[in-house]
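The values are calculated or read from the model by the stated rules, or taken from the named source; none is laboratory data. From a predicted model like this one, the values you see are computed outputs, not experimental measurements. A quick note on method: Cβ atoms are made from the backbone with ideal geometry, for glycine too, and the neighbour counts reach across all protein chains shown. Surface accessibility is based on the protein's heavy atoms, side chains included, excluding ligands, DNA and RNA. Shrake-Rupley method; radii C 1.70, N 1.55, O 1.52, S 1.80 Å.
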Amino acid sequence: MSDDVSGRRGLLGVAVLFGAIALFIGADLITDSGEGAGAGHLAAELVVLVAASFGLGAMLWRLGRLRRALADAREDAGRWQEENRDLVQGLGVAIARQFSAWGLTDAESDVGLLLLKGLSLQEIADLRETSERTVREQARAVYRKSSLAGRNALSAYFLEDLLPGAGG
């Protein structure tokens, strides 16, 4: 989701840039025409104004599409969560039970869940308001106590039997 937010900010920033260019070129065009600038100069500025306006329109159109796609994705995710609420809660209970069986501390369990959700060590550190080094050590403790080789093995431990195999 953070990529979506940064993508929207990037598009919005480009749209603002195109808008500012169009505004400044438009103001310059008005000023230059009042000062008697040549037709070639005014035509060149008009071309830049039209290009900036099209750029602004394109960025606003893409931003609207991105917003609609994000809203659709959130709606789909909400529907999926609602349809599978009991299964997800059951999986959550099973994961917590297994973390307890492995003897994970509360902090290690939190890190383990965030690893399963796909967050990076830095994202986990930011969420937990701690250092990345601390999170890295807690992740190592999760892997050591579970006798698993790493993040992929941790995910596979809980998901392998839930997902259909390659043959169906």
Subject >> Output for the range 111-134, where each listed residue is open to solvent by 70 Å² or more (accessible area, probe 1.4 Å) and of a type in the set (D, E) >> reply: E123, D126, E129
Subject >> Test: R97 is farther than 30 Å from S147 by Cα and at pLDDT 90 or above >> reply: no
**OP:** Report, ordered by the first and then the second residue, all pairs with beta carbons closer than 6 Å, sequence separation of six or more or different chains, a first member in the range 90-107 that is open to solvent by 40 Å² or more (accessible area, probe 1.4 Å), and a second member that is of a type in the set (D, E, K, R) and not in a helix (DSSP H, G or I).
**Re:** none
Original post:
Is at least one residue of the range 59-78 part of a helix (DSSP H, G or I) and touching a Gly at 6+ places or on another chain (Cβ under 8 Å)?
Top reply: yes
Subject >> Any hit, the range 66-74, residues being under 30 Å from D161 (Cβ atoms) and under 20 Å from the mean Cα position of the chain (by Cα) >> reply: yes
Subject >> Those residues of the range 13-24 which are in contact with a helix residue (DSSP H, G or I) (Cβ under 6 Å, 6 or more places away or on another chain) and either closer than 13 Å to M59 by Cα or open to solvent by 40 Å² or more (accessible area, probe 1.4 Å) (or both), in sequence order >> reply: V14, A15, F18, G19, I21
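Is it true that some residue in the range 86-97 is among the β-branched types (V, I, T), under 24 Å from the mean Cα position of the chain (by Cα) and not in a helix (DSSP H, G or I)?
Within the range 86-97, none of the residues are among the β-branched types (V, I, T), under 24 Å from the mean Cα position of the chain (by Cα) and not in a helix (DSSP H, G or I).
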Original post:
Where residues in the range 38-64 are within 19 Å of L17 (Cα to Cα) and surrounded by fewer than 12 Cβ atoms within 10 Å (Cβ to Cβ), which of them is nearest to the chain's Cα centre (by Cα)?
Top reply: G64
Original post:
Do we find that L46 is over 30 Å from L113 (Cβ atoms) and touching a residue at least 40 places away in the same chain (Cβ under 8 Å) in this structure?
Top reply: no
